[in-house]
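The structure appears right after this line, and notes come after that.
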Amino acid sequence: QVQLVESGGGLVQPGGSLRLSCAASETIFNLLVMAWYRQAPGKQRELVATITSGGSTNYKDSSKGRFTISRDNAKDTVYLQMNSLKPEDTAVYYCNVRSSTEIYWGQGTQVTVSS
């Protein structure tokens with residue numbers, strides 16, 4: 001059973017940066033898309049950014065220019081570099097990986113942006 005292990009969340013002041021990481025516990029075959037979602041209290045989970053196996057990226061409008069998604073295919077690891085963080089970025093961030101046959105979710109990591 002593949003597990004996704006996330007790390008890098010925490011408390012940061014507005015304008016600060018964090019880097020989230022998500023590593024698969026074992027090789028995922030036919031991996032297609034890796035993504036980050038987030039869920040704020042009382043809100044639905046929303047897509048933040050995606051990256052395909054070929055390296056194509058896509059971002060939620062409010063993340064463009066501030067967040068960067070990247071991946072290490074050899075390690076089945078995806079990263080989310082978050083800069084210029086705002087209080088409205090506060091949420092639990094979830095890693096998501098989709099292969100040709102399966103969808104995997106991480107356990108979530110809390111990001112809190114507050115002074």
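The values are calculated or read from the model by the stated rules, or taken from the named source; none is laboratory data. Computed from a predicted structure; not experimentally measured. Ideal geometry is used to build each Cβ from the backbone, glycine not excepted, and the neighbour counts take in all protein chains shown. What goes into the accessible areas is simple: the full protein's heavy atoms, side chains included, and nothing from ligands, DNA or RNA. Shrake-Rupley method; radii C 1.70, N 1.55, O 1.52, S 1.80 Å.
Scanning the chain for GluC sites (Glu not before Pro) in DSSP loops with at most 16 neighbouring Cβ atoms within 10 Å leaves 27-101 as the longest stretch between them. May I ask you to derive the relative contact order of the chain, considering only C-alpha pairs under 8 Å and at least 6 residues apart, and to give it as an integer percent? Normalised by residue count, the contact order of the chain is 37 percent. Spin-label pair residue 46-residue 11: with each label point 7 Å from Cα along the Cα-Cβ axis, the two points sit 2.5 nm from one another. Whole-Hz Karplus values for segment 85-95 come out as 5, 10, x, 6, 7, 4, 4, 8, 9, 10, 8 Hz, taken residue by residue from phi with 6.51 cos²θ - 1.76 cosθ + 1.60 and θ = phi - 60°; glycine and proline positions read x. With all protein chains kept in place, the per residue accessible area of the chain amounts to 54 square angstrom at a probe of 1.4 angstrom.
Work out which trypsin sites (Lys or Arg not before Pro) in the chain are exposed loop sites (DSSP not H, G, I, E or B, at most 13 other Cβ within 10 Å) and give the longest gap free of them.
Here the longest segment lacking exposed loop sites spans 65-115.
Along the axis of the charge dipole computed for the chain (Cβ charges of +1 for Lys and Arg, -1 for Asp and Glu, origin at the Cα centre), the listed residues 36, 62, 104 are led at the positive end by 62.
The slack in the chain from residue 3 to residue 32, taken as 0.36 nm per residue of separation less the alpha-carbon distance, amounts to 8.8 nm. Using bins of 5 Å that start at zero, the share of Cα-Cα pairs per bin across segment 22-64 amounts to 5, 19, 22, 23, 16, 10, 4, 0, in whole %. Dividing the Cα radius of gyration of the chain by 2.2 N^0.38 Å, with N the residue count, gives 1.01. Taking the protein heavy atoms of the chain in the context of the full set of protein chains, the accessible area attributed to carbon and sulfur is 46 percent at 1.4 Å.
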